[in-house]
């Protein structure tokens, strides 16, 4: 039987609660540990606010000056923002816009960090024939499962992104209990990618791009009608 | 954070930058300190984070929550900064004192930095008196009796404030079932 909310709160507040399961105690211990981390309580110096404002406004002024210089150069094209090709994917439209923006900079010999990444994408998509875009990540255990570890490969297929997970150190869950894997994007949106009993040699599928949903996590779940993540993460990994 | 402020942030308006810093600056700083273990470096990472956020602001959907987006930038900036600092050549490790701020262990994971952001945000939303009790209890490691003596209040008052504070934290951080 799981502890009541008041018992969980009491434990969190430092009381001894014998009715708490080891799993629940471990989850709450992780939060208690986080509350003891210095970074949670460290205050930035008052001067940092002005430093940040100055850094951003100087960067904005530098960019405006750069645009003004490029516009004044004879023969240089003004930064253009072409409309994406009709029917093209939105990411392709953004890529074309970014290329057009940096063309004057390239002509002036100014470094453009995005150019290298653009070239990689173009080569991959222009070669023709079947290409499998693939990523790999290490997955690590959490305070709930400190001994768990493994790896995952994420491969672009016609059906979506195939995720092959191979992790050890997690006990098998059966019956009403199971594991569920999730992908998460920078905005914190969670997308479920599959459920399983054992983390060794699992194939999952994602309908969202792993290039945007770069964080993989596995949670302990119970078949109680609640489709949401339990929050009890046992494995995590990120494409960097 | 209203859309007008976000739009002005994209334009590099100093007042908008200041408004967004006041909303999220502490959280970004907390992530940087957690990643780097050094306040000076954390200040630099905080500045870099806001500059990067400004640069990327034009591509962000105005309807999207700015907090998680900014948190992701803070995490990446802190981890990238850590890696660059780790690759710098310097004195042999044996010649450096163990408590030298430049000597850091493996960086906190992206997951840990995410937790720091979430916990810092929840702690920041507590009333001042409750937040102080949580800080004394978890960061200073004090008992309820010691906290009561320090604050000059009854132990019962400390216990009730502590329970309320932890209920708020558990609710905010999803540790309650009902």
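General remarks:
- Screening the candidates A:76, A:26 for the property of being more than 9 Å from every other protein chain (Cβ to nearest Cβ) and either outside any helix (DSSP H, G or I) or modelled with pLDDT under 80 (or both) yields one hit, A:76.
- Considered as a group, the residues in the range A:172-183 that are exposed (fewer than 13 other Cβ atoms within 10 Å of the Cβ) and more than 17 Å from residue A:226 (Cβ to Cβ) include one that is modelled with the highest pLDDT, and that residue is A:172.
- Candidates A:143, A:171, A:227, A:192: the one that is in contact with a helix residue (DSSP H, G or I) (Cβ under 7 Å, 6 or more places away or on another chain) and under 21 Å from residue A:27 (Cβ atoms) is A:143.
- Top-ranked residue of the range A:33-46 - restricted to ones that are closer than 24 Å to residue B:75 by Cβ and surrounded by fewer than 17 Cβ atoms within 10 Å (Cβ to Cβ), ranked as farthest from the chain's Cα centre (by Cα): A:45
- Residue within the range A:9-16 that is within 24 Å of residue A:145 (Cα to Cα), part of a helix (DSSP H, G or I), touching a residue at least 40 places away in the same chain (Cβ under 8 Å) and more than 7 Å from chain B (Cβ to nearest Cβ) present: no
- Pairs are defined by a Cβ separation below 8 Å, a sequence spacing of at least 6 or placement on different chains, a first member in the range B:117-137 that is within 14 Å of residue B:25 (Cα to Cα), and a second member that is outside any helix (DSSP H, G or I); the pairs so defined are B:118/B:173.
- Residue in the range B:9-31 that is modelled with the lowest pLDDT, counting only those that are more than 8 Å from every other protein chain (Cβ to nearest Cβ) and touching a helix residue (DSSP H, G or I) at 6+ places or on another chain (Cβ under 6 Å): B:10
- Sole residue being more than 9 Å from chain B (Cβ to nearest Cβ) and either touching a helix residue (DSSP H, G or I) at 6+ places or on another chain (Cβ under 9 Å) or over 27 Å from residue B:26 (Cα atoms) (or both), chosen from A:31, A:35, A:20: A:20
- Beta carbons closer than 6 Å, at least 6 apart along the sequence or on distinct chains, pair a first residue in the range B:52-77 that is at the interface with chain A (Cβ under 10 Å from one of its Cβ atoms) and in contact (Cβ under 8 Å) with a residue 60 or more places away in the chain with a second that is surrounded by fewer than 18 Cβ atoms within 10 Å (Cβ to Cβ) and not in a helix (DSSP H, G or I) for B:66/B:1.
- In the range B:156-170, the condition of being more than 9 Å from chain A (Cβ to nearest Cβ), closer than 24 Å to residue A:188 by Cβ and either modelled with pLDDT of 85 or more or not in a helix (DSSP H, G or I) (or both) is met by at least one residue.
- With respect to the conditions (1) under 14 Å from residue B:25 (Cβ atoms); (2) more than 9 Å from chain A (Cβ to nearest Cβ), residue B:41 lacks only one, and its number is (1).
- Those strands (runs of 3 or more DSSP E) of the range A:174-224 in which 2 or more residues are within 14 Å of chain B (Cβ to nearest Cβ) and within 22 Å of the chain's Cα centre (by Cα) occupy A:177-184, A:215-222.
Residue-by-condition table, conditions (1) modelled with pLDDT of 90 or more; (2) over 30 Å from residue B:157 (Cα atoms); (3) touching a helix residue (DSSP H, G or I) at 6+ places or on another chain (Cβ under 8 Å); (4) assigned by TED's automatic domain parsing to the domain that holds residue B:4:
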site: B:43; (1), (2), (3), (4): yes, yes, yes, yes
site: B:57; (1), (2), (3), (4): no, yes, yes, yes
site: B:64; (1), (2), (3), (4): no, yes, no, yes
site: B:74; (1), (2), (3), (4): yes, yes, yes, yes
site: B:104; (1), (2), (3), (4): no, yes, yes, no
site: B:108; (1), (2), (3), (4): no, yes, yes, no
site: B:115; (1), (2), (3), (4): no, no, yes, no
site: B:135; (1), (2), (3), (4): yes, no, yes, no
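- Matching residues, the range A:162-171, being within 15 Å of residue A:209 (Cβ to Cβ) and surrounded by fewer than 15 Cβ atoms within 10 Å (Cβ to Cβ): none
The values are calculated or read from the model by the stated rules, or taken from the named source; none is laboratory data. Everything quoted here is computed from the prediction, not taken from an experiment. We place every Cβ from the backbone using ideal geometry, glycine too, and count neighbours over all the protein chains shown.
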